[in-house]
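One structure is given here, and the rest of the page talks about it.
No lab work stands behind these numbers, since they all come straight from the coordinates. What you are looking at is a predicted structure, and each value in this text was computed from that prediction instead of being measured. Virtual Cβ from ideal backbone geometry, glycine too; neighbours counted across all protein chains shown.
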Amino acid sequence: MKRIIIYFILLSICFVGFQKAVFKQKRNPYGIDLVSDINVYKKQVAKNPKMKLINLEKHIKDIRLDIRYATNNNFTKQIIYNLPHAFARQEVADALKMVQDSLAFYNLGIKIYDAYRPYEASLRFFEVYPDSNFVAHPRHGSRHNRGCAIDLTLVELKTGKEIPMPTEFDDFSEKANSTYNNLSDTIIKNRTFLFSIMNHYGFSYYPNEWWHFDYKDWNSYPLMDIRFEELEP
C-alpha cells in the first residue's frame, strides 16, 4: 500500500513538473534570456536601482496615458493588458520627465500609448501580425520588453488634444514611415519637432513608426516578462 502511495506522489510531482515546463516553453518558446521571476527582478533592482521600472503616470507631472493594449482599440482587437499602466526604466523615466518639462514651454505635453511591454504580449502581437517591420519578432524580443521603448505623441497641455501627426497610432501603412513626406507642412513640422526634442534627451526614432522611440542605452537592460500586476500589486 505504501509503495502505491509513494508511486502516486512521485507521479503527481512529475506531472506538476511537466506542467511547469510546458508553461515555461509557452511563455518563452525561443528559449531567449528572459527575466520572468519577480524576485529575480527585485534582486536586480537592489543591485542596480537603474533597473527599476517606474510608473510614468506617478513620475511625470501632467503626462497623459492612452494605453490602447488595455482596451480592444488596437490592431489585435484584444485586451492585452489587465491594467492601463505605463512603466519604463529609471533612466528612461527621468529622460521623459525632462522632455515633458521642456514641452511645457510650448504649451505641449506627452501622451503615451505604450511603454514597457511584457514578453508575453510580444508573442501575442506577432501571432496576430507577423510582420517584423512593425512588430518585433519574439525570437529576439522587443526594446519594449526591456523597458526602454516608448510609443507616444504630443498633445496640447491644457486640453489634452493631440496635435496633427502623419497617422493614428499603430497605423501600419507607408504614411507612418519617418521619411514619408506627402503630408501637410504643419504635420511635417510637428513630426520634425517631436523627433528633435526626443533626440535631444537621448531617444532615437524607429524609421517605420513615427511614434516609437528607443532610449540610447536599451541594450544594457535585459528582456523581461513581468506582468503589470506583479510590478504594482
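What the table shows:
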{"read-out": "Single residue of TYR119, TYR129 found to be touching a Gly at 6+ places or on another chain (Cβ under 7 Å) and farther than 20 Å from PHE193 by Cα", "value": "TYR119"}
{"read-out": "Answer residue from segment 204-221, given it is without any contact (Cβ under 8 Å) to a residue 60 or more places away in the chain and either among the hydrophobic types (A, V, I, L, M, F, W, C) or assigned to a loop (DSSP other than H, G, I, E, B) (or both) and is surrounded by the fewest Cβ atoms within 10 Å (Cβ to Cβ) among those", "value": "PRO207"}
{"read-out": "Residue that is nearest to ARG89 (Cα to Cα), among those in segment 179-203 that are part of a loop (DSSP other than H, G, I, E, B) and over 20 Å from the mean Cα position of the chain (by Cα)", "value": "THR179"}
{"read-out": "Complete set of residues in segment 49-66 that are crowded, with 21+ Cβ neighbours inside 10 Å and either small (Gly, Ala, Ser) or over 17 Å from ASP101 (Cα atoms) (or both)", "value": "MET51, LEU53, ILE54"}
{"read-out": "Segment 145-168, residues that are out of contact with any Ser or Thr (no Cβ under 7 Å at 6 or more places or on another chain) and either on the phi > 0 side of the Ramachandran plot or in a loop (DSSP other than H, G, I, E, B) (or both)", "value": "ARG146, GLY147, CYS148, LEU157, LYS158, THR159, GLY160, LYS161, ILE163, PRO166, GLU168"}
{"read-out": "Qualifying position, being closer than 17 Å to ASP171 by Cα, surrounded by fewer than 19 Cβ atoms within 10 Å (Cβ to Cβ) and among the hydrophobic types (A, V, I, L, M, F, W, C), among PHE75, PHE125, PHE105", "value": "PHE75"}
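So that you can scan it fast, the table gives a plain yes or no per residue for (1) within 9 Å of the chain's Cα centre (by Cα); (2) closer than 12 Å to HIS212 by Cβ; (3) β-branched (Val, Ile, Thr):
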{"site": "ILE112", "(1), (2), (3)": "no, yes, yes"}
{"site": "ALA115", "(1), (2), (3)": "yes, yes, no"}
{"site": "PRO130", "(1), (2), (3)": "no, no, no"}
{"site": "VAL135", "(1), (2), (3)": "no, yes, yes"}
{"site": "ARG139", "(1), (2), (3)": "no, no, no"}
{"site": "ASN145", "(1), (2), (3)": "yes, no, no"}
